[in-house]
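What follows is calculated from the coordinates using simple rules that are stated; it is not laboratory data. Predicted model only: the values in this text are computed from it and were never measured. Here the Cβ is made from the backbone with ideal geometry for all residues, glycine too, and neighbour counts use every protein chain on show.
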2 protein chains.
Amino acid sequence: MAELLDSRDSGSRSGTLYVASVEKGFRVLRAVRRAQRELGRNDVSLTEIARLSDMDKSAAQRFTNTLVHLGYLEKDARTRRYRPGVELLELGYSYLVGSRLSEIATARMVAASNVYGTAVNLCVQHGPNVVYIVRIPHENTPFRATLIGRRVPMFSAAAGIAMLGGSSDEHVEETLARSDFKPVTEWTITDPDVVRARIAAARADGYAISDQQSLPHEISTAAPVLDAEGKAIAAVQIAVYRPSWTLDEVNAKIVPLITELARTVSGTYFPER
Amino acid sequence: MAELLDSRDSGSRSGTLYVASVEKGFRVLRAVRRAQRELGRNDVSLTEIARLSDMDKSAAQRFTNTLVHLGYLEKDARTRRYRPGVELLELGYSYLVGSRLSEIATARMVAASNVYGTAVNLCVQHGPNVVYIVRIPHENTPFRATLIGRRVPMFSAAAGIAMLGGSSDEHVEETLARSDFKPVTEWTITDPDVVRARIAAARADGYAISDQQSLPHEISTAAPVLDAEGKAIAAVQIAVYRPSWTLDEVNAKIVPLITELARTVSGTYFPER
DNA sequence: TTTCTTGTATTATTATATAATATATGTTGT
DNA sequence: ACAACATATATTATATAATAATACAAGAAA
């Protein structure tokens with residue numbers, strides 16, 4: 001696999017056009033993120049960073065020091081532990097402020113959120129994952145479900161199924177090939193063929209429903225935002241929670257709302273349709 | 001100024017513990033951000049990046065290529081222009097998911113948002129700026145006012161004045177010394193002494209009001225989140241818009257709401273108080 | 001077409017990142 | 001309180017890996 005990449009290929013992950021030190025800097029930031037996930041702690045020691053980023057102590061020392069100076073890491077003077085720095089938000093802001101899709105969708109999503117009193121989200125595909133880019137929280141929304149930048153697997157999220165329903169077969173298979181099919185909750189569907197069936201259904205229906213696939217108690221409904229050629233470029237999604245809501249109620253109330261919202265956003269984003 | 005830094009000081013912006021290539025990588029990302037601000041465009045050419053990041057063509061080439069491979073920049077194959085990549089959101093997520101303050105505040109902010117039907121925000125200080133870390137949008141909220149990571153000057157924002165009201169005099173002067181006092185709107189107060197007077201008033205009152213200081217038509221009210229020693233660590237803020245709202249209405253309705261919200265968040269974040 | 005601007009690829013050079021080591025600081029257990 | 005240990009910080013010689021000059025290619029403009 002790696003041998004297929006000519007190490008002299010300038011445009012690759014090696015060669016003179018690739019600056020490995022930049023990658024290592026981000027490896028440290030990802031190590032801090034891993035510590036949050038795996039160790040459940042928000043501050044990390046130097047040795048932990050070295051281990052999680054697979055660097056020696058000296059390298060971890062140089063890169064943490066650099067990132068602290070740039071504001072992307074903060075260092076507790078007393079404990080000497082590192083945590084994510086506020087400056088990181090500026091980077092995400094750069095993506096969001098340039099997203100015309102977010103801009104168009106936000107106002108409509110706020111309005112939709114008021115109709116049935118639910119949270120409303122917008123997400124795009126990134127590799128095998130769905131990434132949330134706009135979130136309108138509502139009362140009783142779990143904290144995790146309010147965070148921009150959060151990612152969940154395409155194959156389990158309603159938004160992922162809905163988007164794949166609006167994608168070519170090649171794209172579906174490409175995406176599934178990159179998916180690991182690890183269960184997220186105890187109800188997660190991990191059989192690729194069942195997932196393909198769900199995608200086919202979503203293609204026919206124009207929406208998808210996931211019952212407790214990503215979070216316990218959560219019933220998630222999503223519909224694709226389509227471009228001028230009818231291909232999915234994003235999905236709008238509404239989450240409601242058991243036992244306040246049942247699947248029947250979702251079908252009766254949320255489905256019409258989310259499909260209408262998706263249609264409106266699509267039409268505004270691509271006025272020529 | 002630069003001479004004061006011993007170039008052999010290992011913990012500084014030069015020396016063996018500082019990896020300059022990491023900084024240059026971020027310089028490119030900042031150049032893209034500058035292009036958004038100054039050129040008003042979301043995609044940037046290689047030569048523009050070189051100019052905005054103050055690098056030669058070769059350097060810009062190497063760092064853009066690296067960042068594209070890492071997913072932090074996207075490159076349009078046809079136009080050969082660069083724009084921010086989705087992967088940037090993961091970095092901001094890392095900060096947000098670890099913020100206990102955000103977690104505690106979010107639920108209360110959603111509830112407060114429903115009371116008078118307004119947007120509610122949470123922000124922290126970063127240098128001379130206020131950075132928004134939680135935003136609950138509401139109907140008619142301008143897109144800019146929904147974005148996490150957005151920064152506005154401390155000296156003009158109600159949240160900034162409120163936080164400085166809950167800070168030591170040294171900290172106030174430090175912050176003002178780093179401020180440029182450039183007007184944001186045509187009504188922005190740029191006289192440092194008037195700003196000091198506003199901070200003193202906020203200290204006495206426990207809240208601050210900014211009338212069209214950061215955005216036209218926007219009346220912004222903020223109160224500080226205080227730690228166990230009574231020092232400000234954040235601020236909650238509510239924005240309403242003229243002409244639907246007047247200053248009198250804000251004083252009557254929003255002020256009690258925002259001070260109560262700040263008190264609740266403070267008390268939950270520091271239960272010992 | 002020609003000319004100019006912008007993007008891509010290659011190369012020799014040495015500056016800059018590296019990792020081994022030494023020292024300092026803090027933490028744990030008896 | 002003192003060892004014994006773990007972890008963080010500082011220093012240095014070395015060579016790797018980043019650099020920038022340049023050549024080439026591809027679009028855009030005239």
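Below are the figures for this structure:
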item	result
Residues of the range B:73-86 satisfying the condition of being farther than 16 Å from A:Val97 by Cβ and either part of a helix (DSSP H, G or I) or among the charged types (D, E, K, R) (or both)	B:Lys75, B:Asp76, B:Arg78, B:Arg80, B:Arg81
Qualifying residues in the range B:35-60 (those that are surrounded by fewer than 18 Cβ atoms within 10 Å (Cβ to Cβ) and in a helix (DSSP H, G or I)) - the one nearest to DNA strand D (Cβ to nearest atom)	B:Ser58
Qualifying positions in the range A:136-180 - under 30 Å from B:Gly149 (Cα atoms) and among the small types (Gly, Ala, Ser)	A:Ala145, A:Gly149, A:Ser156, A:Ala157, A:Ala158, A:Ala159, A:Gly160, A:Ala162
The range B:90-104, residues that are within 12 Å of A:Thr146 (Cα to Cα) and of a type in the set (Ser, Thr, Tyr)	B:Tyr93, B:Ser102
Residue within the range B:78-95 that is without any contact (Cβ under 8 Å) to a residue 12 or more places away in the chain and within 16 Å of DNA strand D (Cβ to nearest atom) present	yes
Members of the range A:106-121 found to be facing chain B (nearest Cβ under 10 Å) and on the phi < 0 side of the Ramachandran plot, listed by number	A:Thr106, A:Ala107, A:Met109, A:Val110, A:Ala111, A:Ser113, A:Asn114, A:Ala119
Residue in the range A:122-145 that is free of Cβ contacts under 8 Å to residues at least 12 places away in the same chain and within 7 Å of chain B (Cβ to nearest Cβ) present	yes
Boolean, A:Glu103 is away from DNA strand C (no atom under 14 Å from the Cβ), over 30 Å from B:Arg37 (Cβ atoms) and at the interface with chain B (Cβ under 8 Å from one of its Cβ atoms)	no
Per-region count, the range B:187-220, residues within 17 Å of B:Asn129 (Cα to Cα) and either of a type in the set (Ser, Thr, Tyr) or touching a residue at least 60 places away in the same chain (Cβ under 8 Å) (or both)	6
Test: residue in the range B:212-225 that is closer than 24 Å to B:Arg100 by Cβ, touching a Ser or Thr at 6+ places or on another chain (Cβ under 6 Å) and of a type outside the set (Phe, Trp, Tyr)	yes
Selection from the range A:89-132 of residues that are farther than 16 Å from A:Thr268 by Cβ and assigned to a strand (DSSP E or B)	A:Ala119, A:Asn121, A:Cys123, A:Val124, A:Gln125, A:His126, A:Asn129, A:Val130, A:Val131, A:Tyr132
The one condition in (1) surrounded by 24 or more Cβ atoms within 10 Å (Cβ to Cβ); (2) more than 8 Å from chain B (Cβ to nearest Cβ); (3) assigned to a helix (DSSP H, G or I) that A:Thr66 fails to fulfil	(2)
